[in-house]
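Data block below; observations after.
The values are calculated or read from the model by the stated rules, or taken from the named source; none is laboratory data. Here the structure is a predicted model, which is why all the values come from computation and not from measurement. Virtual Cβ from ideal backbone geometry, glycine too; neighbours counted across all protein chains shown. Please note that ligands, DNA and RNA were not included when accessible areas were found on the heavy atoms of the full protein model with its side chains. Shrake-Rupley method; radii C 1.70, N 1.55, O 1.52, S 1.80 Å.
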Amino acid sequence: MYVLLGLYLTYVWWQRVRHIDLQHAWQGFSPLIYVYQKFQPENFIRDFPNGAEAYDASLVMRLYPWLYSSFGIKPEAVVPIFIAVEHILFATAIIILTRTLKPKTSKVVPVLVTILLLASYAPNMNLARFGIVYGLYYVTAHSFRLLAIAALLKGRYFLAGVLILMTFLNHPTIGLMGGIFLFSASLARPIKIFKLRYLGFAILLSATAFLWISLVVSPEAHLANEIPKDIWFSFSKLGSVHWYPVDYGHFTFNHQERFIPFLSLTLLFVYYFTRTPLDEKKRRIFYGCLAMVSLVCIGVVFSMTQLSTTIVKLSLHRANDIITFISIIYVTDGLWQEIRQGYVWRRPVASAILISPLVFKPGFPLALSIILTSPIVFRFLRQRDRSLHTLSVTSLIVVCITLVGLYALHGMLDSWKISAYTGLASKYFLLVPIVLVVVVLLLRLLHLNLLKNLVLVLFLGLAYLWQESQSLSSQEIALRRDYYRVQIWAKNNTQKSALFMVDPTIYYGWRDYSHRSSFGNLREWILLSCCVYKSDFNVYQEGMRRFREFQIDIDKYLEVEPSLLGFRQLNDAIREKYYSLDDSWRLNINQTYGVDYFLLIKDRMNHNSDFPIIYQNDSFVVLHTSSDASYQETFENLNSVNMKFAL
């Protein structure tokens, strides 16, 4: 099975890296711009601050500039190898934790869990809308955190401490939450952790973490001292997709995206977790998960107030991802047992739930979870069973049904066919339980025990199709390849000091392969310069100055609820304005800011320009202007800001 997993992960890796250059060209914010801004600052002397230097706060990200400065290895060459190592590390961590939590499980289960966490929609339940991004620091941090949990459960406290420190050094927030999980889990046997040698080691780890933060993180990056709170909260709510779960409707009108699937997974987790008595290992998991629930609640409460910008930026509600990872291990093991030896009616239901994250996002439809766990309710009512198992599962089922009723009462339940509830909106998924019921009955008549083999083949086949579905379409490849070619042209044919104005709704690609300064984009002007990586009032004012060139009233978009809709509307308005403005506007931008080139997507251009076309391909046009000395002071000020935040 592990050989098969290795082959599959090799395929997944290839699919993720074969167009990585096009992805970096389009999305930006890659290791490339991080490295080249450090070692070729003359190419970005007129660049609007973009925040890529924040990667300095991650130890593993510093590998990129170290390899470039020490051995001349370009980040373009490192990224595919880096992603391959990430796959190996993440898969290893998942397998070790699965084996730690369920040592007697089938050899198939760690493989299924690895695929679900590495290559399916299953992890997409993070309440802060964070995903698992490869090539940066996320996967390394998640891997070390999972290994730290496994080490703690095995009683290897010193190793767990070192691993959680490594997590922190690669991603402070993920490490902080992991540290809280480990501390809470340790309270299952507090007498151990309060021994002098453990306390001393914990103090040493904490001091190291504090020293790292003090060295690599600028105070301005996390404390909005220079920007009034009302401005910070207004603009961060408009532009951020992570910090405000209540405003995004995660628990109300948009509950079906993450909240209900997470509740469904939690229901299954509680069902399989409490089926057997709580030993020490389970108590550790329970305490740790309880701490994560507390962090989620704190994060949600603070996101509804204007008490602390720092706590809002920590996105404490993202702590539910640890619960998700652990839940998937227990649930996959439980479902596989059902498929192997469960009752006739339970086997197709368990099979459908297991494959659901490979069919729709994020999987685990609530109706199927309730069906699978519902016998507990009858046991509670008829046999008056009041065990922890019965009470906890029955209570969760009641909570889930009550919530669905409330959503329906308030008009928030669009259709019972959606993926969060039944998944029957997917025609393919609709066929699965029907076919599986027929197969189970036939196998029963023929006295064959082949269902688990058939489900495994189906699972692997769907895993292959899922990865295929994540590939770029031919149209996306064509657009990104043309954008990549524009950047290569700019690098080879323009002066290092050249300034480009790119479509301000392309996030965030341009600098990575062009090695040229950008006038900035909408998110950089109103979010990154204000709320995320910098809180410098001068940068914020310059960003707003550039935004106002489009003569759009931002106040009406700040009032739109939910804020994500407000940003989408603002994004559309900026894009429409950018392509409808004429040469007189471009000339004014040139004379005010010294923009040398304007880059536009051909299909979106509303009218021709009298500026000379210096480069074009199937998708893009580059217009050339003449420079003016009046912009020099502006860019000297911006350059000083850039240097202020660089290490």
Tell me whether region 609-626 contains one or more residues that are touching a Ser or Thr at 6+ places or on another chain (Cβ under 7 Å), closer than 22 Å to ILE506 by Cα, of a type outside the set (Val, Ile, Thr) and modelled with pLDDT of 95 or more. yes
If you go through region 444-466 one residue at a time, do you hit one that is hydroxyl-bearing (Ser, Thr, Tyr), open to solvent by less than 80 Å² (accessible area, probe 1.4 Å) and either part of a helix (DSSP H, G or I) or at positive phi (or both)? no
Do the conditions hold for GLU86, that is, is it charged (D, E, K, R), in contact with a Phe, Trp or Tyr (Cβ under 9 Å, 6 or more places away or on another chain) and part of a helix (DSSP H, G or I)? yes
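So is ARG386 open to solvent by 40 Å² or more (accessible area, probe 1.4 Å) and either of a type in the set (A, V, I, L, M) or without any contact (Cβ under 8 Å) to a residue 40 or more places away in the chain (or both) or not? Spell out the reasoning first.
Details: open to solvent by 40 Å² or more (accessible area, probe 1.4 Å): yes; either of a type in the set (A, V, I, L, M) or without any contact (Cβ under 8 Å) to a residue 40 or more places away in the chain (or both): yes.
So ARG386 fits the description; yes.
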Since ALA77 meets every condition but one in (1) in a helix (DSSP H, G or I); (2) modelled with pLDDT under 95; (3) surrounded by fewer than 22 Cβ atoms within 10 Å (Cβ to Cβ), which condition does it not meet? (2)
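Which residues, taken from region 55-73, are over 19 Å from the mean Cα position of the chain (by Cα) and either without any contact (Cβ under 8 Å) to a residue 40 or more places away in the chain or crowded, with 20+ Cβ neighbours inside 10 Å (or both)?
In the first step, residues of region 55-73 are kept if they are over 19 Å from the mean Cα position of the chain (by Cα); the result is 56, 59, 62-73.
Scanning region 55-73 gives ARG62, LEU63, TYR64, PRO65, TRP66, LEU67, TYR68, SER69, SER70, PHE71, GLY72, ILE73.
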Could you tell me how many of the residues in region 563-584 are open to solvent by 30 Å² or more (accessible area, probe 1.4 Å) and either outside the structural domain of ARG523 (by the TED database) or within 27 Å of VAL246 (Cβ to Cβ) (or both)? 4
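Can HIS222 be described as modelled with pLDDT under 95, of a type outside the set (Gly, Ala, Ser) and closer than 20 Å to PRO362 by Cα?
Values: modelled with pLDDT under 95: yes; of a type outside the set (Gly, Ala, Ser): yes; closer than 20 Å to PRO362 by Cα: no.
For HIS222, the condition - modelled with pLDDT under 95, of a type outside the set (Gly, Ala, Ser) and closer than 20 Å to PRO362 by Cα - is not met.
Which ones in region 393-429 are part of a helix (DSSP H, G or I) and buried (at least 16 other Cβ atoms within 10 Å of the Cβ)? Before you say what the answer is, go through the steps one by one.
Step one: of region 393-429, the residues part of a helix (DSSP H, G or I) are 393-409, 427-429.
Scanning region 393-429 gives VAL393, THR394, LEU396, ILE397, CYS400, LEU403, VAL404, TYR407, PHE429.
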Answer residue from region 163-191, given it is open to solvent by 40 Å² or more (accessible area, probe 1.4 Å) and in contact with a helix residue (DSSP H, G or I) (Cβ under 7 Å, 6 or more places away or on another chain) and is nearest to ARG318 (Cα to Cα) among those: LEU176
Of everything in region 542-563, what is hydrophobic (A, V, I, L, M, F, W, C) and over 29 Å from the mean Cα position of the chain (by Cα)? Give them in sequence order. PHE550, ILE552
Being over 27 Å from the mean Cα position of the chain (by Cα) and either of a type in the set (A, V, I, L, M, F, W, C) or part of a loop (DSSP other than H, G, I, E, B) (or both) narrows it down to one of LEU372, LEU307, so name that one. LEU372
Kindly list the number of the only condition in (1) out of contact with any strand residue (DSSP E or B) (no Cβ under 8 Å at 6 or more places or on another chain); (2) more than 22 Å from VAL217 (Cβ to Cβ) that fails for ARG46. (1)
Conditions (1) part of a loop (DSSP other than H, G, I, E, B); (2) in contact (Cβ under 8 Å) with a residue 60 or more places away in the chain; (3) open to solvent by 20 Å² or more (accessible area, probe 1.4 Å); (4) touching a Phe, Trp or Tyr at 6+ places or on another chain (Cβ under 8 Å) -> ILE231 fails only (1)
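Hey, can you tell me all the residues within region 238-284 that are small (Gly, Ala, Ser) and part of a helix (DSSP H, G or I)? Give the steps one after another, and end with the answer.
Within region 238-284, the first condition is being small (Gly, Ala, Ser), and the residues that meet it are 239-240, 249, 264.
Scanning region 238-284 gives GLY239, SER264.
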